[in-house]
1. Filter region 294-330 down to the residues that are over 20 Å from the mean Cα position of the chain (by Cα) and of a type in the set (D, E, K, R) and list them by number.
2. Evaluate region 95-102: report whether one residue or more is assigned to a loop (DSSP other than H, G, I, E, B) and out of contact with any Pro (no Cβ under 7 Å at 6 or more places or on another chain).
3. Let me spell it out: the conditions are (1) under 19 Å from Gly29 (Cβ atoms); (2) more than 23 Å from the chain's Cα centre (by Cα), and Ile87 meets all of them except one. Which number is the exception?
4. Exactly one condition in (1) under 28 Å from Asp35 (Cα atoms); (2) under 24 Å from the mean Cα position of the chain (by Cα) is not met by Val439; state its number.
5. Can you find a residue in region 156-176 that is more than 17 Å from Val225 (Cα to Cα), in contact (Cβ under 8 Å) with a residue 12 or more places away in the chain and of a type in the set (D, E, K, R)?
6. Just the residues that are out of contact with any Phe, Trp or Tyr (no Cβ under 7 Å at 6 or more places or on another chain), under 19 Å from Glu418 (Cβ atoms) and not aromatic (Phe, Trp, Tyr), please, taken from region 319-335.
7. Would you check if there is a residue in region 356-363 being more than 10 Å from Leu403 (Cα to Cα) and either in contact with a Ser or Thr (Cβ under 6 Å, 6 or more places away or on another chain) or of a type in the set (Val, Ile, Thr) (or both)?
8. Residues in region 165-223 that are in a loop (DSSP other than H, G, I, E, B) and within 23 Å of Leu241 (Cβ to Cβ): how many?
Amino acid sequence: MRAVIAMMKHETNTFSPIPTPWARFEEWGAYLGDDALRAYEHTAMPMGAYIKLARAEGMEIVTPVAAEAMPSGPVSADAYERMAGAICDAVRRGCDVVMLDLHGAMVSEVTPDGEGTLLERIRAIAPEVPICVTCDLHANLTKKMVRNCTALIGYKTYPHVDMYEVGEQVGRILLRALRGEVKPVMAWGNRPLLAQTLRMGHKDEPMKTLLAMAREAEAQGLLAVTVFGGFPMADFADAGLSTIVVADGDAPAAQAAVDWLLEAAWERREAFLHRHEPLDEVVARAKQLTEFPVLLLDHADNVGSGGSEDVMTVIAEVMRQELDDVAVAAVWDPQAVQEMMKAGVGAEVTIKLGGKTDMPSIGRRAESLPVTGRVRTLTDGSFVVRGPMYTGVTVQMGPTAVLDTGRMKIVVVSRHHEPWDIGVFTSVGIEPTQMKYLVLKSRIHYRAGFEPIGKHTLTCDGIGVTTSDNRLLKFEHVRRPIYPLDPM
């Protein structure tokens with residue numbers, strides 16, 4: 001028995017000014033062939049689960065590619081073909097199962113439905129091969145994706161701390177089908193609801209209730225039940241909330257569960273919208289708090305949703321109000337890192353920090369912030385994640401520096417990285433539990449590493465291409481009408 005196991009992941013923000021060539025995947029860690037197997041076999045990722053299952057079955061394992069990039073703009077044609085082509089070539093050489101770790105919101109220069117197009121190509125090569133797929137909770141599910149696989153499942157957590165378990169669940173369904181123990185059938189559907197990712201945390205309503213309903217349906221005998229919040233920063237016809245159910249031969253039961261979940265989601269549509277507050281008022285409120293650390297979320301510049309990670313609006317307001325004992329993760333500014341490396345540890349420097357990226361999709365020009373401080377630390381930016389999300393994966397922030405202004409310690413990186421693990425601080429000599437304020441360019445993933453240590457969390461409505469203010473975004477390709485862009 002031969003298993004093709006692969007990972008091809010990218011959450012595409014079509015409003016993002018950050019390009020996505022193959023080099024961006026290499027920055028995260030793009031592995032080919034046996035290198036992919038070695039890189040992911042012992043991680044808490046879907047690929048890790050797939051590999052363990054295949055080994056237990058005594059299968060020959062082929063890993064043509066394992067590639068992921070931080071969210072950004074559309075994936076280049078070259079990068080897409082490097083990944084999709086490698087997977088298709090491996091299938092063409094013959095296999096008994098295909099096990100894929102995908103995202104579900106990839107938009108490429110060659111196709112707006114990156115995952116659906118890949119699966120369609122695989123089906124054309126091997127019409128009968130069983131295929132299982134894991135997707136992110138933010139997948140924009142499409143007809144092509146469902147039509148061209150055997151069983152598809154998504155995470156039930158955000159931050160995504162159940163990736164391994166979900167991969168194991170769908171992998172077992174596939175292997176049981178291979179042995180003739182079950183006959184997977186799928187039903188799916190969607191609603192015209194462009195939910196906001198800031199309102200999709202699994203501990204928060206309305207997702208908390210919807211995910212509990214999904215687990216209840218699985219407990220009653222359905223093989224896999226998923227609620228996808230969708231990814232609203234992809235200006236794509238199929239963007240939005242959806243559900244999918246895998247049942248053992250019982251299509252009516254699967255469809256009934258889909259309808260039940262979709263109706264519940266639609267009834268709660270207003271709860272999927274973020275309510276904005278003036279930035280200066282939020283920072284002033286943070287200043288009055290007495291239990292620390294206080295987490296300040298610069299969510300409009302969340303690199304984990306395609307932000308440029310160099311917008312200085314929130315940082316400037318924190319400085320203006322003179323909050324003390326602040327650590328920031330992170331500002332993307334390779335030029336500033338080079339300046340600090342040239343100056344050396346201990347040197348005092350004045351640099352124009354951040355503001356290197358124009359954001360034409362929201363009509364904003366880049367604005368840097370002059371900052372004076374001492375170079376506290378210089379590192380290669382590498383660390384291994386020890387927390388509950390991406391456990392065992394090596395993060396490569398690139399050459400990294402810490403600029404210490406006296407009141408604020410700013411982690412400055414050369415590669416985009418969302419701070420979901422405290423290693424973003426500890427790897428550069430900052431102990432986050434000892435700081436009063438942590439400014440994080442994140443939405444929800446920060447919870448994986450920082451929720452256990454934060455005493456308060458405040459959402460800062462700054463500026464950026466991951467804004468939760470839909471009025472700033474020009475949607476041209478999503479289906480219409482759709483809530484909340486249209487009254488429904």
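1. Within region 294-330, Glu317, Arg320, Glu322, Asp324, Asp325 meet the criteria.
2. Within region 95-102, one or more residues are assigned to a loop (DSSP other than H, G, I, E, B) and out of contact with any Pro (no Cβ under 7 Å at 6 or more places or on another chain).
3. For Ile87, the exception is condition (2).
4. Result: Val439 fails condition (1) only.
5. no
6. Across region 319-335, the qualifying residues are Val328, Ala330, Val331, Asp333, Pro334.
7. yes
8. So the count comes out to 15.
The values are calculated or read from the model by the stated rules, or taken from the named source; none is laboratory data. All of these numbers come straight from a predicted model, not from anything done at the bench. Neighbour counts run over all protein chains shown; Cβ positions are idealised from the backbone, glycine included.
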